[in-house]
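J.: I am attaching a structure below and will ask some questions about it afterwards.
The values are calculated or read from the model by the stated rules, or taken from the named source; none is laboratory data. Everything numeric in this text was worked out from a predicted model, so none of it was measured. Here the Cβ positions follow ideal geometry from the backbone for every residue, glycine too, while neighbour counts run over all protein chains shown. The accessibility values were calculated without ligands, DNA or RNA, using every heavy atom of the protein model including side chains. Shrake-Rupley method; radii C 1.70, N 1.55, O 1.52, S 1.80 Å.
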Amino acid sequence: MASNQEIRTILARHGNLARTLDRLSDDDCLFDNGLDSFGAVQVMMDLEEHFGLEFPEHLLSREIFSTVGNIRSFVSGQVLRKAA
């Protein structure tokens, strides 16, 4: 399972989020607070490496990377699917 803290640590390494991440709730839109498309790709690659996953391209969308909560839910689902 992925924790909010793990997701936040990864997010802080990318884009302009490091300045504002500690003030955002798990439901605040990351794209409204500094995450851009390039940063989202970097986050995805970092998540894949950290959790030993490969995200299926057909499942990737802006919605998945829009909040900490959405990212955590998606990654947790992928971790469970991999373990099964």
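J.: Of the heavy-atom accessible surface of the chain (probe 1.4 angstrom), what whole percent is carbon and sulfur? All intermediate terms of the calculation are to be shown ahead of the outcome.
T.: Values: 2510 of 4960 Å².
The C+S portion of the solvent-accessible surface of the chain is 51 percent.
J.: Next question. Which value in nm describes the separation of the simple spin-label points at residue 55 and residue 84, placed 7 Å from the Cα toward the beta carbon?
T.: With each label point 7 Å from Cα toward Cβ, the separation is 2.0 nm.
J.: Where does the longest stretch of the chain lie that holds no trypsin sites (Lys or Arg not before Pro) found in a DSSP loop with 13 or fewer other Cβ atoms within 10 Å?
T.: Here the longest run is 14-61.
J.: Oh, and also: Under the rule that an exposed site lies in a DSSP loop and has at most 14 other Cβ atoms within 10 Å, name the longest stretch of the chain with no GluC sites (Glu not before Pro) of that kind, not counting the sites themselves. Present the calculation step by step, with values, prior to reporting the outcome.
T.: Values: sites that count: 54, 63.
So the longest stretch without any such site is 1-53.
J.: Further question: Please give the helix 68-83 orientation as an angle from the longest Cα principal axis of the chain, in degrees from 0 to 90, rounded to the nearest 10.
T.: Once rounded, one gets 20 degrees.
J.: Still on this model: In debye, nearest 20, what is the charge dipole magnitude of the chain about its Cα centre with +1 on Lys and Arg Cβ and -1 on Asp and Glu Cβ, if you could check?
T.: Dipole about the Cα centre, nearest 20: 140 debye.
J.: Who wins for biggest fluctuation among 47, 30, 60 in a Gaussian network model of the chain, springs between alpha carbons below 10 Å?
T.: 60
J.: Follow-up question, since we're still on this one. Any idea of the accessible area per residue across the chain, 1.4 Å probe, to the nearest Å²?
T.: The answer is 59 Å² per residue.
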